[in-house]
1. Restricting attention to region 207-228, which residues are β-branched (Val, Ile, Thr) and either open to solvent by 20 Å² or more (accessible area, probe 1.4 Å) or more than 29 Å from residue 401 (Cβ to Cβ) (or both)?
2. Any chance you could count how many residues in region 385-394 are part of a helix (DSSP H, G or I) and either open to solvent by less than 70 Å² (accessible area, probe 1.4 Å) or within 15 Å of residue 294 (Cβ to Cβ) (or both)?
3. Would you pick out the residues in region 98-125 that are within 26 Å of residue 155 (Cβ to Cβ) and open to solvent by 20 Å² or more (accessible area, probe 1.4 Å)?
4. Restricting region 443-490 to residues that are open to solvent by 70 Å² or more (accessible area, probe 1.4 Å) and acidic (Asp, Glu), which is farthest from residue 425 (Cα to Cα)?
5. If we scan region 49-57, do we find a residue that is in contact with a Leu (Cβ under 9 Å, 6 or more places away or on another chain), open to solvent by 40 Å² or more (accessible area, probe 1.4 Å) and either aliphatic (A, V, I, L, M) or within 28 Å of residue 277 (Cβ to Cβ) (or both)?
6. For region 198-228, name all the residues that are part of a helix (DSSP H, G or I) and more than 13 Å from residue 284 (Cα to Cα).
7. Given the criteria touching a residue at least 40 places away in the same chain (Cβ under 8 Å) and surrounded by fewer than 16 Cβ atoms within 10 Å (Cβ to Cβ), does residue 128 qualify?
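The values are calculated or read from the model by the stated rules, or taken from the named source; none is laboratory data. These numbers come from a predicted model, not from an experiment. No Cβ is skipped: glycine too gets one built from the backbone with ideal geometry, and neighbour counts run over all protein chains shown. Please note that ligands, DNA and RNA were not included when accessible areas were found on the heavy atoms of the full protein model with its side chains. Shrake-Rupley method; radii C 1.70, N 1.55, O 1.52, S 1.80 Å.
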Amino acid sequence: MGSKLTKRAEDYSKWYNELVVKADLAENSGVRGMMVIKPYGYAIWEKMQAELDRMFKETGHENAYFPLLIPKSYFSKEASHVEGFAKECAVVTHYRLKNDENGKIVIDENAKLEEELIIRPTSETIIWDSYRKWIQSYRDLPLLINQWANVMRWEMRTRLFLRTAEFLWQEGHTAHETKAEAIEEAQKMQGVYAEFAENFMAMPVIKGTKTESERFAGALDTYTIEAMMQDGKALQAGTSHFLGQNFAKAFDVNYTTREGKQDYVWATSWGVSTRLMGALVMSHSDDFGLVLPPKLAPIQVVIVPIYKSEEQLQLLNERVEGLTKELRAKGISVKYDNRTTYKPGWKFAEYELKGVPLRIAMGPRDLENNTAELARRDTLEKENLSQDKLVSRIADLLVEIQDNLFNKALDFRNGLITEVDNFDDFKEVLKTKGGFISAHWDGTSETEEKIKNLTKATIRCMPLDAKEEEGVCVLSGRKSQKRVLFAKAY
């Protein structure tokens, strides 16, 4: 299976980059800052997408699709929004190429667009232009729309999945009659993201709100879920935004109320992206490769035959055929790798690297004794058991592995939440331990910026469950009522 991975303790960043490539998740493309998601990586994303899409539809949302290109004039209608994305926008200025006198392909200078088009960094502006036509009355509300799409944000420093110029995501955009309904929607979707992260990714998250300086451009409130990676850095895993009436006013989306008056609708937007793939890798994987939670693993069980002759392989094929049918009947995804071009040891290493939760090894002696060897990816433990008990044992183990990964990640995360009450301790914990630092903050953007400049730590969120507590800001010494979570982050 090629060279071993760099160990996490030696160089975490290098370990991550190597693992994403060697596990066949993704690779860099011929376009700077953009990636190719390979079939195995895309299969994981498809499972994520399927579960999220189900959860969205269960909460009343419908899918639609909007244009990739957005007129530049649309961005100028919401000032804070365009300011937030201006430096990341890719701009289309011409619509045709031609051959020059030397036969080279050049831009046709006569094909300049009357108005430049922006490759969507996010779709609020183009979507709200449509909503203006769709919404006339309170009877048209709420409007609950989701879009699965790609977006472009011109990043200069990129890392596979975590930060790329183009990435895949979903973006929800909703319109409501009242402020209360819109806030409820934004909080509901934060809850959906948290449920997905914890129940499917086995990744514990902290729910909170962003500070004013960290909010989404154009939002009045941003709700976030924050996760902790194995290197002690935080990762923003999903956000949901209460947009107030800003976009409704900018695009003149008003409606006839129940009382017959005219009013602007209240809005939300929310999204998660292929950044979750990076979070999944960094939450559970080890020095041997990926460790995937069973609910998102494209292959939950792999069966590897061990044989010396063609006759032995044929007998194993016949036995495994029935086993795979039993497993699939229980909704368990299984792969039987009877390729003759690779030895069993090579296959073991491959599936360990790719994070397949369970591996079955079966040879001629197992056929005689009606046994099989079952290996767990999360603990690397092996057991021999009767083939008659194999299916039920596998079903139980997949649940156990899912729970074990979450509990292990939760214990790790909780061990990296440290309360501090002065700036010297703040800096020491950040330097020696990392993780989340729970500290008092005076609520000013000036103090927030100073701490960021001095330590590179940012306020990840103001936790929703933070208790009222008298204290003083770790930097300014001013009074504070609640602790917030600081961390260095991706």
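1. 209, 211, 222
2. If we filter region 385-394 for residues that are part of a helix (DSSP H, G or I), which is where we start, we get 387-394.
Retained after the next criterion (residues that are either open to solvent by less than 70 Å² (accessible area, probe 1.4 Å) or within 15 Å of residue 294 (Cβ to Cβ) (or both)): 387, 390-394.
Matching residues across region 385-394 total 6.
3. Restricting attention to region 98-125, the residues satisfying the condition of being within 26 Å of residue 155 (Cβ to Cβ) are 107, 113, 115-125.
Result: 107, 113, 115, 116, 117, 119.
4. So, considering only residues that are open to solvent by 70 Å² or more (accessible area, probe 1.4 Å) and acidic (Asp, Glu), the one farthest from residue 425 (Cα to Cα) is 465.
5. Yes, region 49-57 contains at least one residue that is in contact with a Leu (Cβ under 9 Å, 6 or more places away or on another chain), open to solvent by 40 Å² or more (accessible area, probe 1.4 Å) and either aliphatic (A, V, I, L, M) or within 28 Å of residue 277 (Cβ to Cβ) (or both).
6. If we filter region 198-228 for residues that are part of a helix (DSSP H, G or I), which is where we start, we get 198-199, 212-214.
Residues satisfying the conditions are 199, 212, 213, 214.
7. no
So that you can scan it fast, the table gives a plain yes or no per residue for (1) surrounded by 13 or more Cβ atoms within 10 Å (Cβ to Cβ); (2) outside any helix (DSSP H, G or I); (3) not basic (Lys, Arg):
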position: 396; (1), (2), (3): no, no, yes
position: 401; (1), (2), (3): yes, no, yes
position: 409; (1), (2), (3): yes, no, yes
position: 418; (1), (2), (3): yes, yes, yes
position: 427; (1), (2), (3): yes, no, no
